[in-house]
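The values are calculated or read from the model by the stated rules, or taken from the named source; none is laboratory data. Since we're looking at a predicted model, the values are computed, not measured. For neighbour counting, all protein chains shown are included, and Cβ atoms are generated from backbone atoms with ideal geometry for every residue, glycine included.
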Amino acid sequence: MKKIITIIVALSAFLLALDSAYAQVGQPYIHDPSTIVKCDGKYYTFGTGSGGLISEDGWTWHSGAVRPGGGAAPDAIKLGDRYLVGYNTFGGGLGGGHANKIMVMWNKTLDPDSPDFEYSEAFSVAESLPDEDCDAIDLGLMLDPSTGRLFCVYGTYFGYIRQVELDPVTGQRLPGNKAIDVARNCEASQMMYNDGWYYLLGTHGTCCDGVNSSYNIVVGRSRNPNGPFIDNVGRSMLQGGGKSVITAEPRLIGPGHFGRYIEEEGVEKMSFHWEADLDQSGASVLGIRPLLWKDGWPVAGKAFDPGTYEIKSMRSGYALQIDVEFIRAQGGMRRRGSDVNEPVVAIEGQKLEDVIGTWPEGVIGVKNDFFLARPQQKWSVIPVPEAGGYLGGPYYKIVIEGTNRALAANAEAELEAVPEFTGAPEQLWRIDQLTDGTFRIMPKEVPGHSEPLALVSLGDNSATLAPFNFHSDNSKWDFVAITK
């Protein structure tokens, strides 16, 4: 009995760790995080207060980012070879008044250990008066990639969300620029540009109430950077409209403060905070999810669930498998008899023990083939916590279900299945959900190769490693869950 209880406790701890992996790991405690910015190979985000988080890999976070000025709800953006960091001077309407200022400052680096680390004197780019119908708080910065114009939005649900335009060289507000109203009934606003559209994201609901916070992120869009921003059913954000981007989940409550991070074409992430992570004492923590685009709208992707999958090529629909002899399963072509009362009998699928004795003991090649739910086509995808991760996710091992035979990259930049998983870098896999909802699969390292390579269908039946190309279905895969 004691042994059974120990196993149950260990299993519960493992499942709890998987649930917690939906948020970031380490010490990801932050509220009102800024957009994530990369500087000299590290990731940074700033929060309410005077500090923020740093990550070497984008998955494990710790305190250490430095931002003077205090205040709340900062944002950060890289402009050329400098970083513009902004914050507000007070806490907004919750403090009983609306007097506030949006302050910004420059730095050459975000690394507090660098000799070049020195913030400029902060200066104001927007403000609100005590009796104004707007709080100058919760700024969001966006550089328009199509025009080079720099916009700043700010405000809370105590009044309007407003927009001003800044000089991208000086960071100062453009002379004569007047603030315009772009939304209401939301806060923590942010703008972004995609495929000819300008998007305004805001956070609906209530914050700062832990597990009772109702924060959720919404969006509207416009062809004009000044709006009007309209949602998917024609409501203006000036009337409180907004299409849902992400809402609470069973163990993660209150997503708010959207930020966009583009790694490369087709690979985008969204950052935010969860008001309460029930698996981390209800603390406010950093969240990162894939950012998808569906019918012209941004949507939060899902955290990748460990499990057993068919790994399906988007090129051909064929399944990734180890290259072993095809063993016929029991049950050829059968016809029902004329007796309608003849019992229906379920036929068991082919099992691992039926075929594993025919597999070679050493390294086995990997290919694509028709999916027939055979043991050589069933891959268990399992996080490896001690291996670290990448922006938004842990590294995984990919093994044939029921075995420790692991998918690996070799020095010829080819795929193989090795007899045992050892934790070597070539056996660790990064899984990114792409903006179209499909997946990129990449080894942490390819022996003897410095350039990143991804799992690619060279032909209908050939699987290999090659540079990732978002515009080719050869580079895209799907994970189809296999249930018993």
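So H257 fits all but one of (1) in contact with a Leu (Cβ under 9 Å, 6 or more places away or on another chain); (2) crowded, with 20+ Cβ neighbours inside 10 Å; (3) within 15 Å of N216 (Cα to Cα); what number is the exception? So the condition that H257 fails would be (1). The set of residues from region 283-333 being over 30 Å from T35 (Cβ atoms), among the aliphatic types (A, V, I, L, M) and touching a Ser or Thr at 6+ places or on another chain (Cβ under 8 Å) comprises M314, A319, L320, V324, I327. Counting only strands (runs of 3 or more DSSP E) wholly contained in region 2-80, the ones carrying 2 or more residues that are of a type in the set (G, A, S) and either modelled with pLDDT of 90 or more or loosely packed, with under 15 Cβ neighbours inside 10 Å (or both) occupy 51-55, 60-66, 72-79.
If you go through region 196-210 and keep only what is hydrophobic (A, V, I, L, M, F, W, C) and over 11 Å from K243 (Cα atoms), you end up with W197, C207, C208. Scanning region 273-291 for residues that are touching a Leu at 6+ places or on another chain (Cβ under 8 Å), of a type outside the set (V, I, T) and assigned to a strand (DSSP E or B) turns up H273, W274, A276, D277, L286, G287, P290.
In this structure, I262 qualifies as in a strand (DSSP E or B), surrounded by fewer than 16 Cβ atoms within 10 Å (Cβ to Cβ) and either of a type in the set (A, V, I, L, M) or modelled with pLDDT under 95 (or both). Return the residues of region 284-310 that are in contact with an Asp or Glu (Cβ under 8 Å, 6 or more places away or on another chain) and either acidic (D, E) or surrounded by 13 or more Cβ atoms within 10 Å (Cβ to Cβ) (or both); say none if nothing qualifies. Scanning region 284-310 gives S284, V285, P290, L291, L292, W293, T308. If you check N185 against the conditions, is it in contact (Cβ under 8 Å) with a residue 60 or more places away in the chain and over 18 Å from N88 (Cα atoms)? The answer is no for N185. Under the condition of being aliphatic (A, V, I, L, M), modelled with pLDDT under 90 and not in a loop (DSSP other than H, G, I, E, B), the residues counted in region 92-112 number 1.
Of the residues making up region 470-479, at least one is assigned to a loop (DSSP other than H, G, I, E, B), within 19 Å of Y309 (Cβ to Cβ), basic (K, R) and assigned by TED's automatic domain parsing to the domain that holds K367. Here Q280 meets each of (1) touching a strand residue (DSSP E or B) at 6+ places or on another chain (Cβ under 7 Å); (2) surrounded by fewer than 22 Cβ atoms within 10 Å (Cβ to Cβ); (3) not acidic (D, E) with one exception, condition (1).
Per-residue answers, yes or no, for (1) within 14 Å of M192 (Cβ to Cβ); (2) touching a residue at least 60 places away in the same chain (Cβ under 8 Å):
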{"residue": "G241", "(1), (2)": "no, no"}
{"residue": "L252", "(1), (2)": "no, yes"}
{"residue": "M270", "(1), (2)": "yes, no"}
{"residue": "E275", "(1), (2)": "no, yes"}
{"residue": "L286", "(1), (2)": "no, yes"}
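Checked across region 206-220, the condition of being part of a loop (DSSP other than H, G, I, E, B), over 24 Å from L139 (Cβ atoms) and without any contact (Cβ under 8 Å) to a residue 40 or more places away in the chain holds for no residue.
For every residue, the table says whether it meets (1) touching a helix residue (DSSP H, G or I) at 6+ places or on another chain (Cβ under 6 Å); (2) in contact (Cβ under 8 Å) with a residue 24 or more places away in the chain; (3) of a type in the set (A, V, I, L, M).
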| site | (1), (2), (3) |
| --- | --- |
| L391 | no, yes, yes |
| N404 | no, no, no |
| T435 | no, yes, no |
| A466 | no, yes, yes |
| N469 | yes, no, no |
| N474 | no, yes, no |
| K484 | no, no, no |
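Taking the conditions exactly as written (at pLDDT 95 or above and either part of a strand (DSSP E or B) or on the phi < 0 side of the Ramachandran plot (or both)), does P115 satisfy them or not? For P115, the condition - at pLDDT 95 or above and either part of a strand (DSSP E or B) or on the phi < 0 side of the Ramachandran plot (or both) - is met. Quick check: anything in region 402-424 of a type in the set (G, A, S), within 19 Å of T358 (Cβ to Cβ) and at pLDDT 95 or above? Yes, region 402-424 has at least one match.
Among the residues making up region 303-331, those that are within 30 Å of K269 (Cα to Cα) and over 21 Å from the mean Cα position of the chain (by Cα) are T308, E310, K312, S313, M314, R315, S316, G317, Y318, A319, L320, Q321.
Taking the conditions exactly as written (within 17 Å of P33 (Cα to Cα), polar (S, T, N, Q) and either assigned to a loop (DSSP other than H, G, I, E, B) or assigned by TED's automatic domain parsing to the domain that holds N226 (or both)), does T170 satisfy them or not? No: the conditions fail for T170. Across region 152-165, the number of residues qualifying as in a strand (DSSP E or B), surrounded by fewer than 24 Cβ atoms within 10 Å (Cβ to Cβ) and not hydroxyl-bearing (S, T, Y) comes to 2. Here E414 meets the list (1) within 20 Å of D323 (Cα to Cα); (2) buried (at least 18 other Cβ atoms within 10 Å of the Cβ) almost entirely, failing just condition (2).
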